[in-house]
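Notes for the one structure printed next.
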Amino acid sequence: MRLKTFNLSLGAQIFKACADESRLRILSLIVLNGEMCISDLEKILDFTQAKTSRHLIYLKNSGILNSRRYNHWVFYQIKDSVEDIVKQVFQFLKRDQQLMHDQHTYQTLFTNRELAVNKLQIQEWQRATTREKVT
């Protein structure tokens, strides 16, 4: 579902959520990569677990994020209903040095297989190869 109407209340929620640099850094990574796990965000941004959780809860309560649980990881993604407006905000910030550094750190950690996303992909591959060996 895309944003069909934009009212003052929703706008205020979104802009209040974007009024914090840490939340903008989190949102930027989620926008660029589709979804992010809390443990990955902690590593990339060098935040504590408490700080990361607090900001993710704020973003979720403001109606910007959804979450899904997979095994012991929780992944966060932008809600479809606000995706357009959030992406537009980041069009203005795409050349910010800090946000570019965060994305570079993500790519480095992803390449080195240090993120939960890679661990999940490896687990899935191992399960698939184990099933093939059994059959």
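The values are calculated or read from the model by the stated rules, or taken from the named source; none is laboratory data. Since we're looking at a predicted model, the values are computed, not measured. A quick note on method: Cβ atoms are made from the backbone with ideal geometry, for glycine too, and the neighbour counts reach across all protein chains shown.
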Looking at (1) at positive phi; (2) surrounded by 15 or more Cβ atoms within 10 Å (Cβ to Cβ), which is the one condition that is false for R113?
-> (2)
Which members of segment 34-46 meet the condition of being crowded, with 16+ Cβ neighbours inside 10 Å and either out of contact with any Leu (no Cβ under 7 Å at 6 or more places or on another chain) or farther than 19 Å from H104 by Cβ (or both)?
-> E35, C37, I38, S39, E42, L45
Considering every residue within segment 68-85, establish whether at least one is at pLDDT 85 or above, hydroxyl-bearing (S, T, Y), touching a Ser or Thr at 6+ places or on another chain (Cβ under 8 Å) and surrounded by 10 or more Cβ atoms within 10 Å (Cβ to Cβ).
-> yes
Quick check: is even one residue across segment 119-129 assigned to a helix (DSSP H, G or I), of a type outside the set (S, T, Y) and surrounded by 13 or more Cβ atoms within 10 Å (Cβ to Cβ)?
-> yes
Residues F110, F90: which one is assigned to a helix (DSSP H, G or I) and more than 15 Å from R25 (Cα to Cα)?
-> F110
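For (1) of a type in the set (V, I, T); (2) in contact (Cβ under 8 Å) with a residue 24 or more places away in the chain; (3) in contact with a Gly (Cβ under 7 Å, 6 or more places away or on another chain), each residue gets a yes or a no:
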{"residue": "A12", "(1), (2), (3)": "no, no, no"}
{"residue": "I26", "(1), (2), (3)": "yes, yes, no"}
{"residue": "L29", "(1), (2), (3)": "no, yes, no"}
{"residue": "L32", "(1), (2), (3)": "no, yes, no"}
{"residue": "M36", "(1), (2), (3)": "no, yes, no"}
{"residue": "A50", "(1), (2), (3)": "no, no, no"}
{"residue": "S53", "(1), (2), (3)": "no, no, no"}
{"residue": "Y58", "(1), (2), (3)": "no, yes, no"}
